[in-house]
Amino acid sequence: QVQLVESGGGLVQPGGSLRLSCAVSGILPSIGIRGWYRQTPGKQRELLATITSGGNRAYGGAVKDRFTISRDNAKNTLYLQMDNLQPEDTAVYYCNVRRLNGTNHWGQGTQVTVSS
(Lines give C-alpha, C1' and ligand atoms only; values in the text may rest on other atoms or scores of the structure.)
Protein backbone atom coordinates (compact mmCIF):
# COMPACT_ATOMS: atom_id res chain seq x y z
CA GLN A 1 0.00 0.00 0.00
CA VAL A 2 1.39 3.36 -1.03
CA GLN A 3 1.40 6.01 1.68
CA LEU A 4 2.52 9.62 1.56
CA VAL A 5 2.72 11.56 4.82
CA GLU A 6 3.40 15.29 4.76
CA SER A 7 4.77 17.27 7.67
CA GLY A 8 6.32 20.65 8.37
CA GLY A 9 3.38 22.94 7.80
CA GLY A 10 2.33 25.63 10.24
CA LEU A 11 2.01 29.34 10.85
CA VAL A 12 4.78 31.63 9.61
CA GLN A 13 5.12 35.39 9.26
CA PRO A 14 5.46 37.03 5.85
CA GLY A 15 9.02 36.74 4.62
CA GLY A 16 9.61 33.60 6.63
CA SER A 17 10.53 30.10 5.56
CA LEU A 18 9.23 26.58 6.01
CA ARG A 19 10.44 23.18 4.91
CA LEU A 20 7.84 20.58 4.09
CA SER A 21 8.63 16.87 4.12
CA CYS A 22 6.79 13.97 2.55
CA ALA A 23 7.65 10.47 3.70
CA VAL A 24 6.78 7.93 1.02
CA SER A 25 6.29 4.22 1.61
CA GLY A 26 5.06 1.32 -0.48
CA ILE A 27 6.67 2.52 -3.71
CA LEU A 28 10.31 2.53 -4.77
CA PRO A 29 12.09 5.89 -5.11
CA SER A 30 12.87 5.11 -8.75
CA ILE A 31 9.23 4.88 -9.70
CA GLY A 32 7.24 7.86 -10.87
CA ILE A 33 7.59 11.60 -10.79
CA ARG A 34 7.20 13.31 -7.43
CA GLY A 35 5.74 16.70 -6.87
CA TRP A 36 4.18 19.27 -4.62
CA TYR A 37 0.80 20.90 -5.10
CA ARG A 38 -1.29 23.31 -3.10
CA GLN A 39 -4.95 24.13 -2.87
CA THR A 40 -7.06 26.89 -1.41
CA PRO A 41 -10.83 26.72 -0.89
CA GLY A 42 -12.78 27.06 -4.10
CA LYS A 43 -9.74 26.72 -6.34
CA GLN A 44 -8.19 23.90 -8.29
CA ARG A 45 -5.12 22.16 -6.99
CA GLU A 46 -2.05 24.03 -8.25
CA LEU A 47 1.14 22.31 -9.35
CA LEU A 48 4.17 23.87 -7.65
CA ALA A 49 7.14 21.70 -8.50
CA THR A 50 8.13 18.25 -9.73
CA ILE A 51 11.27 16.16 -9.55
CA THR A 52 12.18 12.97 -11.35
CA SER A 53 14.06 10.02 -9.91
CA GLY A 54 17.15 11.39 -11.63
CA GLY A 55 16.79 14.77 -9.97
CA ASN A 56 15.42 16.83 -12.86
CA ARG A 57 13.29 19.66 -11.49
CA ALA A 58 10.49 21.75 -12.90
CA TYR A 59 8.60 24.59 -11.24
CA GLY A 60 5.35 26.43 -11.63
CA GLY A 61 5.77 30.10 -12.44
CA ALA A 62 4.29 31.39 -9.21
CA VAL A 63 6.95 29.88 -6.97
CA LYS A 64 9.95 29.27 -9.20
CA ASP A 65 12.29 31.72 -7.49
CA ARG A 66 11.20 31.06 -3.90
CA PHE A 67 10.55 27.33 -3.55
CA THR A 68 13.00 24.46 -3.98
CA ILE A 69 12.03 20.84 -4.42
CA SER A 70 14.43 18.08 -3.45
CA ARG A 71 14.43 14.42 -2.57
CA ASP A 72 16.39 11.92 -0.54
CA ASN A 73 16.11 8.58 -2.28
CA ALA A 74 17.76 6.73 0.60
CA LYS A 75 15.00 7.94 2.91
CA ASN A 76 12.33 7.87 0.20
CA THR A 77 11.41 11.38 1.25
CA LEU A 78 10.43 14.44 -0.73
CA TYR A 79 11.03 18.01 0.45
CA LEU A 80 9.86 21.49 -0.39
CA GLN A 81 11.90 24.41 0.90
CA MET A 82 9.77 27.54 0.87
CA ASP A 83 11.40 30.93 1.32
CA ASN A 84 10.07 34.48 1.42
CA LEU A 85 6.57 33.22 2.10
CA GLN A 86 3.70 35.60 1.49
CA PRO A 87 0.06 35.60 2.60
CA GLU A 88 -0.99 34.38 -0.84
CA ASP A 89 1.01 31.20 -0.21
CA THR A 90 -1.51 30.22 2.47
CA ALA A 91 -2.95 26.87 1.39
CA VAL A 92 -3.03 23.17 2.04
CA TYR A 93 0.08 21.62 0.54
CA TYR A 94 0.07 18.10 -0.89
CA CYS A 95 2.78 15.79 -2.08
CA ASN A 96 2.19 13.51 -5.02
CA VAL A 97 3.68 10.53 -6.78
CA ARG A 98 2.58 10.04 -10.37
CA ARG A 99 3.30 6.73 -12.00
CA LEU A 100 4.06 6.42 -15.71
CA ASN A 101 0.62 4.86 -16.24
CA GLY A 102 -0.98 8.03 -14.88
CA THR A 103 -1.91 6.70 -11.46
CA ASN A 104 -1.63 9.38 -8.78
CA HIS A 105 -0.91 8.89 -5.10
CA TRP A 106 -1.57 11.76 -2.68
CA GLY A 107 -0.74 12.62 0.86
CA GLN A 108 -3.32 13.94 3.30
CA GLY A 109 -2.05 17.50 3.05
CA THR A 110 -0.45 19.92 5.47
CA GLN A 111 -1.70 23.43 6.20
CA VAL A 112 0.58 26.39 5.63
CA THR A 113 -0.61 29.75 6.92
CA VAL A 114 1.31 32.94 6.27
CA SER A 115 0.15 35.75 8.48
CA SER A 116 1.47 38.46 10.76
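Probe radius 1.4 Å, ligands and nucleic acids ignored: give me the carbon and sulfur share of the accessible area of the chain as a rounded percent. Can you show the working numbers first?
Numbers: 2890 of 6100 Å².
Here carbon and sulfur together make up 47 percent of the probe-accessible area.
Among Y37, G26, G107, flag the residue with its Cα farthest along the positive direction of the charge dipole of the chain, charges on Cβ as +1 for Lys/Arg and -1 for Asp/Glu.
Checked the options; the winner is G26.
Which shape class applies to the stretch 42-98: rounded if a/c is under 1.5, otherwise prolate when a/b exceeds b/c and oblate if not, where a ≥ b ≥ c are the square roots of the Cα gyration tensor eigenvalues? Please list the in-between numbers first.
Values: a/c = 1.87, a/b = 1.61, b/c = 1.16.
Here the stretch 42-98 falls in the prolate category.
Given H placed 1.01 Å from N in the peptide plane, which residues other than close sequence neighbours of G32 have an amide H under 5 Å from its amide H?
L100
Under a Cβ-only charge scheme (Lys and Arg +1, Asp and Glu -1), can you give me the dipole magnitude of the chain about the Cα centre, in debye to the nearest 20? Don't skip to the answer; put the middle values down first.
Values: 12 positive and 7 negative charges, 66 e Å.
Charge dipole of the chain: 320 debye, to the nearest 20.
Per residue of the stretch 43-59, in order, report the coupling 6.51 cos²θ - 1.76 cosθ + 1.60 (Karplus, θ = phi - 60°) as ³J(HN,Hα) in whole Hz, putting x for Gly and Pro.
Listing the rounded values in order: 10, 6, 5, 9, 6, 9, 6, 9, 8, 8, 5, x, x, 6, 10, 9, 10 Hz.
Modelling each spin label as a point 7 Å along the Cα-to-Cβ direction, I'd like the W106/N76 distance in nm, to one decimal.
In this crude label model, W106 to N76 measures out at 2.2 nm.
Would you mind getting the accessible area per residue of the stretch 23-116, heavy atoms of the protein chains only, 1.4 Å probe, in Å²?
Using a 1.4 Å probe on heavy atoms only, each residue of the stretch 23-116 averages 52 Å².
Once you put a point 7 Å from the Cα of Q86 and another 7 Å from the Cα of Q44, both along the Cβ direction, what distance in nm separates them?
Label-label distance for Q86 and Q44, simple model: 2.2 nm.
The values are calculated or read from the model by the stated rules, or taken from the named source; none is laboratory data. Everything numeric in this text was worked out from a predicted model, so none of it was measured. When we count neighbours, we look across all protein chains shown, and the Cβ atoms used for this are built from the backbone with ideal geometry, even at glycine. The area values use the complete protein model at the heavy-atom level, side chains included, leaving out ligands, DNA and RNA. Shrake-Rupley method; radii C 1.70, N 1.55, O 1.52, S 1.80 Å.
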